[in-house]
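The next block holds one structure in the form of structure tokens; read it before the comments.
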Amino acid sequence: MEYFLRRRRQWGNLVALACFWMSAILVMVLIVALLGWLVWSGASALSWSFLTSVPNETGAGGGIGPEIFNSFYLLFLTLFFTVPLALAVALYLEEYAQPGIVASAIQLAAEALATVPSIVMGLFGLLVFVFVLRWRFSALGGALTLTLLNLPTMMRMTQQALHAVPGSLREASLALGATKWRTIIHVVIPGAIAPLTTGIVLIAGRIFGETAALIYTAGVSVSNANPYDFGLFHPAETLSVHLWYTHAEGVAVDAQRIGSGSAVVLVAMVVIFNVLARLIGNFFRRRTSGR
Amino acid sequence: MHREEAFALWVLRACALFLVVAMASLVAYLGYQASGLFTIDQVSLGEFLTSFRFDPDLNHVGAAVFLLGSLSVTGLALLIGGPLGVAVAIFLSEIAPPALASVLTLTIELLVGIPSVVYGWLGLLVVVPFVRATSLTSGFGFLAAGLVLGVMILPTVVALSLEALRAQPQSLREGSLALGATRWETICHVLLPAARAGLGVAFLLGIARAIGETLAVQMVIGNASVFPHDLFHAAATLPTEIVLDMAGAPPGSLLQHALFAMACVLLGISLLLVLLVRMIARRS
């Protein structure tokens, strides 16, 4: 009897372990199949003229040049606002604020802001920048909406980076007679530079792929005057918005080719940002550990 | 010197204040726009939340179709992505050889960063034809949306469950194995109960990601403002209806007010989820 019970338990164990292996294999096959399919279908769509020419709304043969430009332009603008703002709030919370009502209100606001779905943030951007400020669809409105969307995440990463700087470094600097602000500028921020840079690159990947918040803020068209327009108040359709728009609303006859090409460019950028973040992390780790 | 210190502190304070003001004005602005539905258009809150009739041209703006649609799609996604995600997390932390685990973890981290439109695009070209072929319908609908969302929340669920499982002390596992329990019994009776708070958070954040997702769902759900009687027919969710109708809604109209009110419902659900996560985190 006891023998059979032990056999049953061992069989149960084997079956369960096999199930775990199978679910892992299923997910691996899924990932490889999806990414492989994406690259295989996208590679045939890619060409130099596709990457550089202007889109064609109605006929065939349109490219994604201005969309790639706008994606990087909005990415740059968004980082320009997000990084200093996140650093400032994180510095205030980590280095200055006393625990209390004010600090927890700021923390709570950040957590609440982090949960806002991106389409809801897009509607807020529409209200503020299009309805109230009357900018119409603009690169600046889109970038500011993305700033609000990504500020909480960037802030949390900055807080963690600052938190990891050892207190003894601050004390040493203060003991040498440096003021608190000088200590922050010359000791704390340089000490946190490695995780900070990794965080910025990771958030850059998120900004690059964001779509829902941009449809009603940066718009679904490129600037009429000049497709490669640095103007802050011109519409700026990004690559991810373009991928959606060609399928949801557009009438381009070669939508399939545009979609495949745009998707593979987007995924390639995400991979590049991820690898870059890892490389930067390793580079700083090697430098600071002295090996 | 002292002026520099004081100035810096004021700048930092102003930035922190900006964050609070931004969040407060987001709630206030959206709430104000939505309130027009109840004050100007005289729609009752009950009708808005429970009526299944959405026909703005005839002054009917019941959002129940979309609310129920959002909840159903999210539930379906959780049914697909939740158990699979936890199983993969258990595999990674308890069973996989270290080399395989690190490769798989890296790939899953990469999946988190893939933009939602790309998931929608994959859904449009892989999932929808697959559903069409197996069910002899258009392929657009709840099932396609649930499958796409299930794959989308998978990395979130895996990453957070993995964190919860790895945080459990090694002595728990050793104690259970030393008592003669098999690995499966250790996982099922010791590890999972010990990590249940973290697993709950993983599910909640998976739900949060699924319910706010707009474009990946919009591309595959078919977009019909009726509640379908099965999984294979076109439907809609709160975010998909907002993104489709907003462009054609005249400022100050009934439709626009209704869309902002739907955004508020979505915001409310998201805030509720975070409140739950906070409560769980505080208790454990």
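The values are calculated or read from the model by the stated rules, or taken from the named source; none is laboratory data. Treat the numbers as computed from the prediction; the structure is a model and nothing was measured. Please note: Cβ atoms are built from the backbone with ideal geometry, for glycine as well, and neighbour counts cover all protein chains shown.
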(message) Quick test for you: out of A:Ser118, A:Ser104, pick the one residue that is out of contact with any strand residue (DSSP E or B) (no Cβ under 7 Å at 6 or more places or on another chain), of a type in the set (S, T, N, Q) and without any contact (Cβ under 8 Å) to a residue 24 or more places away in the chain.
(response) A:Ser104
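Every residue, every condition in (1) of a type outside the set (Val, Ile, Thr); (2) farther than 12 Å from A:Asn150 by Cβ; (3) surrounded by fewer than 23 Cβ atoms within 10 Å (Cβ to Cβ), yes or no:
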residue: A:His186; (1), (2), (3): yes, yes, yes
residue: A:Ile189; (1), (2), (3): no, yes, yes
residue: A:Ala194; (1), (2), (3): yes, yes, yes
residue: A:Val201; (1), (2), (3): no, yes, yes
residue: A:Arg206; (1), (2), (3): yes, no, yes
residue: A:Ala212; (1), (2), (3): yes, yes, no
residue: A:Ser221; (1), (2), (3): yes, yes, yes
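Taking the stated definitions as given, is A:Ile106 under 27 Å from B:Arg209 (Cα atoms), at pLDDT below 90 and within 12 Å of chain B (Cβ to nearest Cβ)?
When the stated conditions are applied, A:Ile106 passes them.
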(message) Taking the condition of being more than 20 Å from B:Leu143 (Cβ to Cβ) and of a type in the set (Ser, Thr, Tyr), how many residues in region B:83-128 meet it?
(response) 4
(request) Hey, can you tell me all the residues within region B:209-232 that are within 13 Å of chain A (Cβ to nearest Cβ), part of a loop (DSSP other than H, G, I, E, B) and of a type in the set (Val, Ile, Thr)? (result) B:Thr214
(request) Pick out the one residue from B:Ser161, B:Ser102, B:Ser93 that is hydroxyl-bearing (Ser, Thr, Tyr) and at pLDDT 90 or above. (result) B:Ser161
(message) Checking the conditions here, which among B:Pro83, B:Pro115 is surrounded by 15 or more Cβ atoms within 10 Å (Cβ to Cβ), within 20 Å of the chain's Cα centre (by Cα) and without any contact (Cβ under 8 Å) to a residue 12 or more places away in the chain?
(response) B:Pro115
(request) Please enumerate the residues belonging to region A:117-136 that are crowded, with 23+ Cβ neighbours inside 10 Å and in a loop (DSSP other than H, G, I, E, B). (result) A:Pro117
(request) May I ask you to say which residue of A:Phe81, A:Phe69 is in contact (Cβ under 8 Å) with a residue 40 or more places away in the chain, in contact with a helix residue (DSSP H, G or I) (Cβ under 6 Å, 6 or more places away or on another chain) and within 29 Å of A:Ile200 (Cα to Cα)? (result) A:Phe81
(request) Look at A:Pro152 and say whether it is assigned to a helix (DSSP H, G or I), buried (at least 17 other Cβ atoms within 10 Å of the Cβ), modelled with pLDDT under 85 and not aromatic (Phe, Trp, Tyr). (result) no
(request) Pick out the one residue from A:Thr179, A:Thr147, A:Thr183 that is under 23 Å from the mean Cα position of the chain (by Cα) and not basic (Lys, Arg). (result) A:Thr147
(message) Contact list please: Cβ distance under 7 Å, first residue in region B:233-255 and at the interface with chain A (Cβ under 8 Å from one of its Cβ atoms) and without any contact (Cβ under 8 Å) to a residue 12 or more places away in the chain, second residue surrounded by fewer than 19 Cβ atoms within 10 Å (Cβ to Cβ) and not basic (Lys, Arg), pairs at least six apart or on different chains.
(response) B:Pro251/A:Phe131
(message) For region B:161-208, give me each residue that is more than 9 Å from chain A (Cβ to nearest Cβ) and charged (D, E, K, R).
(response) B:Glu163, B:Arg166, B:Arg173, B:Glu174, B:Arg196
(request) Quick one: in region B:16-57, of everything that is of a type in the set (S, T, N, Q) and part of a helix (DSSP H, G or I), which residue is modelled with the lowest pLDDT? (result) B:Thr50
(request) Test B:Ala133 against the criterion of being over 18 Å from B:Glu109 (Cβ atoms) and surrounded by 22 or more Cβ atoms within 10 Å (Cβ to Cβ), and give yes or no. (result) no
(request) Kindly list, by first and then second residue, each pair from a residue in region B:1-24 that is crowded, with 16+ Cβ neighbours inside 10 Å to a residue that is not aliphatic (A, V, I, L, M), limited to pairs with Cβ atoms under 6 Å and residues at least 6 apart or on different chains. (result) B:Ala8/A:Trp181; B:Leu12/A:Tyr92; B:Ala16/A:Tyr92
